[in-house]
Amino acid sequence: MADITWSAFDKIINSFNISLDEEKLDKLVKYHKLLISERQRLNLYSLKDNERLIKYHFVDSVVVTKLLPENKIIADLGSGAGFPGIIIKIFRPDLKVYLIESKHKKAVFLEKVILELGLDDCIVLNKRFEEITNIKFDIVVSRLVAPLKKTLKWIMGLDTLKPDMLILYKKTKVIERELKESEKLIKKVGYQPKDVVKFRYEHIRLVRSLLILEKTEEIL
C-alpha cells in the first residue's frame with residue numbers, strides 16, 4: 001500500500017492535538033525527500049519502509065513531542081535515520097536535541113539533514129552512548145533500539161550525568177515482561193516507572209506504548 005498524503009498526516013496528528021503549520025510542513029517535505037534519495041546508498045532503512053515513512057515513522061516520531069517539557073536538553077539514543085530526533089526538533093524548536101548515532105554514514109546523513117532544514121540547536125554525536133561523558137541530558141528518548149535491560153546498562157555508565165527522565169518506545173506486548181525482568185535493575189540504576197502512555201494509530205492498526213521512567217533520589 002502507498003504512503004499517506006500530507007493532508008492525511010495533518011489529520012492524524014491533529015487527532016493527538018498536534019498542529020502542523022507551513023514551516024513544519026516545508027521541513028518535513030525536505031526531510032522526506034532526503035530520506036528517499038539517500039536510503040539505498042546509506043542503508044538508512046528497509047525498502048518496504050519507503051511506503052510507510054509518513055504513516056508510520058513520521059506519525060510514530062511526532063507523538064512523543066506531547067510528553068516533553070519546554071526548553072529541555074533531549075538526547076535521541078540510536079537516532080539512525082533521524083527517528084524520532086529530527087521530527088522532535090521540527091515540531092519542538094524550543095528543545096535542544098542531540099542525535100546520538102554510532103554509525104558514521106548515518107551520522108553524516110543527519111548532519112546533512114540539519115544543514116538543509118536549518119535546524120538550530122540540533123547536534124549529531126557520532127559516538128556510542130557510553131562514550132558520552134561530558135553532557136547532562138534532561139531526557140533521553142529511544143525508539144525501538146534495545147531491550148529495557150540493555151538501555152538501563154548504558155544509562156548506568158553515565159554515573160552523575162544520568163538524565164532526569166527516560167522515554168522509551170516499546171511494542172505494547174513486551175512492556176509488562178520487560179518491566180518485570182528489569183525491576184531490580186531499574187531501582188539499582190536509580191529510576192522508577194512513572195507511566196506508560198499509549199497512542200492508537202487507527203490508520204495502521206497499531207498501538208504504540210511509550211514507557212516513562214523518572215530518576216529517583218535514592219540509588220540502591
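What to note about this one:
- Subset of the range 139-169 [in contact (Cβ under 8 Å) with a residue 60 or more places away in the chain and over 14 Å from the mean Cα position of the chain (by Cα)]: 148, 154, 163
- Residue match in the range 65-77 (condition: closer than 27 Å to residue 1 by Cα, touching a helix residue (DSSP H, G or I) at 6+ places or on another chain (Cβ under 7 Å) and in contact (Cβ under 8 Å) with a residue 24 or more places away in the chain): no
- Filtered by the rule that a residue be touching a Lys or Arg at 6+ places or on another chain (Cβ under 9 Å) and part of a helix (DSSP H, G or I), the range 90-106 gives 90, 91, 105.
- Residue in the range 68-81 that is nearest to residue 195 (Cα to Cα), counting only those that are of a type in the set (Gly, Ala, Ser) and touching a strand residue (DSSP E or B) at 6+ places or on another chain (Cβ under 7 Å): 75
- Considering the range 1-89, the qualifying helices (runs of 4 or more DSSP H), each wholly inside and each with 1 or more residues that are surrounded by fewer than 13 Cβ atoms within 10 Å (Cβ to Cβ), run over 6-14, 22-42.
- The range 11-38 residues that are under 13 Å from residue 50 (Cα atoms), paired with ones that are surrounded by fewer than 18 Cβ atoms within 10 Å (Cβ to Cβ) and among the acidic types (Asp, Glu) (beta carbon under 8 Å, 6 or more apart): 34/116
None of the figures in this text is laboratory data; all of them are computed from the coordinates on show. None of these values were measured; they are calculated from a predicted model. Cβ atoms come from the backbone with ideal geometry, glycine included; neighbour counts cover every protein chain shown.
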